[in-house]
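Colleague: Take a look at the following structure, please.
The values are calculated or read from the model by the stated rules, or taken from the named source; none is laboratory data. Being a predicted model, the structure only gives us computed values, none of them experimental. Note that each Cβ is placed from the backbone with ideal geometry, even for glycine, and that neighbours are counted across all protein chains shown. In case anyone asks, the SASA skips ligands and DNA or RNA and just uses the protein heavy atoms, side chains included. Shrake-Rupley method; radii C 1.70, N 1.55, O 1.52, S 1.80 Å.
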Amino acid sequence: MLTRELTFCCRQGLTITQAKQLCRLAGLFKSHIQFVNVTRHQSVAAANQLALLTLATQPGDLCQLLIEGLDAELAHMAFTCWCGELGQPLGRPATAAQAEQRLCGTLPDYCFTLAQLGHASAPIDKALALRVLVDLLPAELVRDRPALEQAIGAREQLAATIIRPGLAMPHVICPAIRQPSLSLLSSAEPIEWGSPLGPVETIILLAIPTGLAPEQLRPLTRLARALMDETVSTALLRASSSPARQAIVIDALLS
């Protein structure tokens with residue numbers, strides 16, 4: 001079974017006319033098509049016009065179309081045009097600018113640029129994955145790499161940091177980092193993480209300096225809460241590009 005996705009940021013709300021268009025397009029394909037409003041943590045079948053309207057999608061909402069079926073490739077091409085009319089599809093590196101500007105404007109102390117996302121196309125183990133995640137952090141923000149790696153390893157020895165099947169979020173509060181930073185690694189092959197929940201495909205590292213005020217930690221609480229939601233975590237796991245993954249994480253930090 002083929003699966004495809006389209007993640008996009010809405011420039012406008014989903015009108016009755018657009019919902020009709022989406023519903024009609026969905027009826028042309030055998031694939032199951034799910035419309036996900038990531039910002040609002042809601043998901044409905046694209047073939048259900050009334051359900052689409054109940055999402056109350058607003059300008060600025062981050063959304064995703066999940067397509068699964070034998071004609072998913074053809075459906076993906078058709079829906080790419082529809083998404084382009086409604087908003088900004090996220091796929092090419094240039095499309096990451098909007099999400100990064102939102103983060104910088106709202107949380108200037110946080111750092112999560114497109115360069116901090118990586119993808120492993122070959123099989124890797126947990127130890128290598130953690131080293132790659134540290135590699136992805138901006139070098140100028142890391143005071144002491146050995147100390148940071150040691151703190152991450154010690155945290156993982158306490159308990160595997162899986163928050164949902166397929167998704168891990170190792171995190172550490174440590175003076176070895178200068179400001180709150182994130183990195184993300186996706187993997188083509190599942191990575192054994194030492195948890196009863198099974199292997200993971202996406203890992204997000206949170207590196208947090210000591211001494212932050214409670215209000216500075218709230219975005220990380222929002223992120224963790226969002227990623228425990230099945231709608232958001234599924235959208236992240238299905239996202240097929242770094243700009244889409246980055247936008248989902250930033251949306252969770254800010255929402």
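Colleague: If I fit a long axis through the Cα atoms of helix 97-106 and take the longest principal axis of the Cα atoms of the chain, what angle between them do I get, 0 to 90°, rounded to 10?
Modeller: That works out to roughly 60 degrees.
Colleague: To continue, here is another question. How much of the DSSP bridge set in the chain is antiparallel, in percent, rounded to the nearest 5? Don't skip to the answer; put the middle values down first.
Modeller: On the way: 31 of 42 bridges.
The antiparallel fraction comes to roughly 75 percent.
Colleague: Here's a follow-up. What distance in nm separates the simple spin-label points at residue 41 and residue 97, each placed 7 Å from Cα in the Cβ direction?
Modeller: Distance between label points: 3.3 nm.
Colleague: Seen from all sides and averaged, what is the projected area of the convex hull of the Cα atoms in region 132-184, in nm²? Each step should come with its number before you reach the end.
Modeller: On the way: hull surface 14.8 nm².
Over all viewing directions, region 132-184 projects a mean Cα-hull area of 3.7 nm².
Colleague: Also, I was wondering about something else. Per DSSP helix of 4 or more residues, -39500 (n - 2.57); summed, then divided by the residues of the chain. What does that give at 222 nm, rounded to the nearest 500?
Modeller: -12500 deg cm²/dmol
Colleague: Mind running the shape call on region 59-133? Use the C-alpha gyration tensor, a ≥ b ≥ c as the square roots of the eigenvalues: rounded below 1.5 for a/c, prolate if a/b tops b/c, oblate otherwise. Working shown, then result.
Modeller: Values: a/c = 3.00, a/b = 1.20, b/c = 2.51.
Oblate is the answer for region 59-133, as a/c is 1.5 or above yet b/c matches or exceeds a/b.
Colleague: Find the all-direction average of the projected area of the Cα convex hull for the chain, expressing the result in square nanometres with one decimal place.
Modeller: On the way: hull surface 53.6 nm².
About 13.4 nm², averaged over all directions.
Colleague: Give me the net charge of residue 167's neighbourhood, meaning all other residues with Cβ under 13 Å from the Cβ of residue 167; Lys, Arg count +1, Asp, Glu -1.
Modeller: Details: positive: 164, 238, 245; negative: 201, 229, 230.
Summing Lys/Arg as +1 and Asp/Glu as -1 gives 0.
Colleague: 7 Å from Cα along Cα→Cβ at both residue 68 and residue 212: what's the point-to-point distance in nm?
Modeller: 3.4 nm
Colleague: In addition: Taking the mean number of other Cβ atoms within 10 Å as a proxy for protection, how do you rank 202-208, 165-171 from highest to lowest? Mind dumping the intermediate values first?
Modeller: Details: 202-208: 23.4, 165-171: 20.6.
Highest to lowest by the protection proxy: 202-208, 165-171.
Colleague: If you place +1 on the Cβ of every Lys and Arg, -1 on the Cβ of every Asp and Glu, and leave all else neutral, what size is the dipole of region 122-163 about its Cα centre, to the nearest 20 Debye? Don't skip to the end; give the middle numbers.
Modeller: Details: 5 positive and 6 negative charges, 15 e Å.
Its charge dipole is roughly 80 debye.
Colleague: Here's a follow-up. Treating the angle as unsigned and between 0 and 90°, give the value, to the nearest 10°, between the Cα long axis of helix 145-158 and the longest Cα principal axis of the chain.
Modeller: Helix 145-158 and the main axis of the chain meet at about 70 degrees.
Colleague: Once both axes come from the Cα atoms, what is the angle between helix 126-136 and the longest principal axis of the chain, in degrees from 0 to 90, rounded to 10?
Modeller: Computed tilt is about 90 degrees.
Colleague: Another question, then. Using packing as a proxy for protection, rank 28-34, 245-251 so that the peptide with the highest average count of other Cβ atoms within 10 Å comes first. Walk me through the numbers on the way to the answer.
Modeller: Details: 28-34: 17.7, 245-251: 25.6.
Descending packing order for the listed peptides: 245-251, 28-34.
Colleague: Excluding ligands, DNA and RNA, what is the solvent-accessible area per residue of region 133-202 at a probe of 1.4 Å, expressed in Å²? Mind dumping the intermediate values first?
Modeller: Working: 3190 Å² over 70 residues.
That works out to 46 Å² per residue.
Colleague: Return the long-range amide H neighbours of residue 166 (sequence gap of 5 or more, or a different chain), with a cut-off of under 5 Å between placed amide H atoms.
Modeller: Hits under the 5 Å cutoff: 201.
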